[in-house]
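Every number here is computed from the coordinates shown, using simple stated rules; none is lab data. As the structure is a computational prediction, the values presented were derived from the model and not from experiment. Here the Cβ positions follow ideal geometry from the backbone for every residue, glycine too, while neighbour counts run over all protein chains shown.
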Amino acid sequence: TYYGDNRRSGVSNDGPSASAKLRTQWTSPMLDGNVYAQPLLVGDRVIVATENDTVYALSITNGQIAWQRHLGSPVPQSSLPCGNAIV
């Protein structure tokens, strides 16, 4: 579960050790916008949603796009009361 346990305490003992060498497994093709939300692992797919309102399913083995669905047009920033949400 997110943050390591059901209490989401941020501690996980089964992750890589500090001495483990991390490497890139794959890189996705260019998507139609930035991904700000945490990707979801569902079966053999990595599900991501972009700021352009498109949801992608990426292959867990090579990162290639298995399917994509554009859900709508982004809301214009000028119509939002909260200002610039981009970090």
Practice prompt. Quote to one decimal, in nm, the extra length available between Trp67 and Leu22 on full extension: 0.36 nm per residue of separation minus the C-alpha distance between them.
Written response: 13.4 nm
Worksheet item: Considering the zone a paramagnetic label at Ser78 would reach in this model (a point 7 Å from Cα along the Cα-to-Cβ line), which residues of region 49-64 have amide N under 11 Å from it?
Response: none
